[in-house]
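The values are calculated or read from the model by the stated rules, or taken from the named source; none is laboratory data. Note that the structure is predicted; figures quoted are calculated from it, not measured. Methodologically, a virtual Cβ is constructed for each residue, glycine included, from the backbone with ideal geometry; neighbour enumeration extends over all protein chains shown.
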Amino acid sequence: MPDTPATTRRQHVVLLSFPEPLSTADEEKLRSMIAAWPDTIGTMTECRLGRDPTGARTRGYSHLLHTVFPDTATLAAYIEHPAHVEVVEFLDARRCTRLAFDFALDAATDFTS
């Protein structure tokens, strides 16, 4: 697949796995921190956080974070933003394993457009 221009929209997906289930308070804190991103970071066009209801096919990953950014530079700025760093530190303190995947949203990857 050829390289895509830096101006192409980028999807950023992160799977989260915790060694122990989050407490109710930690679950609420994680959700509130991420829910604030559209206002505090403001660069994403989509932001979702969900849990698989059964865990039957997740191989230990309990949460999925889905975000979309207008371009590569905006995704890079998000990675460095203090609100994002705060969530990373929160996850690290809970020994969260993360699996992140970024890709361009273009005619080669988006089959609904």
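Side notes on the structure shown:
- Segment 53-67 - residue that is among the hydrophobic types (A, V, I, L, M, F, W, C) and out of contact with any helix residue (DSSP H, G or I) (no Cβ under 9 Å at 6 or more places or on another chain) and, of those, farthest from Pro82 (Cα to Cα): Ala56
- As a summary of the residue check, Ala83 satisfies the conditions (1) free of Cβ contacts under 8 Å to residues at least 12 places away in the same chain; (2) hydrophobic (A, V, I, L, M, F, W, C); (3) in contact with a Ser or Thr (Cβ under 6 Å, 6 or more places away or on another chain) except for the one numbered (1).
- Every residue from segment 17-52 that is under 18 Å from Ala100 (Cα atoms) and in contact with a helix residue (DSSP H, G or I) (Cβ under 7 Å, 6 or more places away or on another chain): Leu30, Ile34, Trp37, Met44, Cys47, Leu49
- When segment 15-42 is filtered for residues that are outside any helix (DSSP H, G or I) and either under 16 Å from Arg94 (Cα atoms) or touching a Cys at 6+ places or on another chain (Cβ under 7 Å) (or both), the ones remaining, listed by number, are Leu15, Leu16, Ser17, Phe18, Pro19, Glu20, Pro21, Leu22, Ser23.
- Breaking point among (1) assigned to a strand (DSSP E or B); (2) exposed (fewer than 15 other Cβ atoms within 10 Å of the Cβ), for Gln11: (2)
- Residues in segment 86-113 that are without any contact (Cβ under 8 Å) to a residue 12 or more places away in the chain and of a type in the set (Phe, Trp, Tyr): Phe111 alone.
- Residue in segment 20-40 that is among the hydrophobic types (A, V, I, L, M, F, W, C), at pLDDT 95 or above and in contact with a His (Cβ under 7 Å, 6 or more places away or on another chain) present: no
- Unmet criterion (only one of (1) modelled with pLDDT of 95 or more; (2) of a type in the set (Gly, Ala, Ser); (3) under 18 Å from Glu86 (Cα atoms)) for Gly50: (3)
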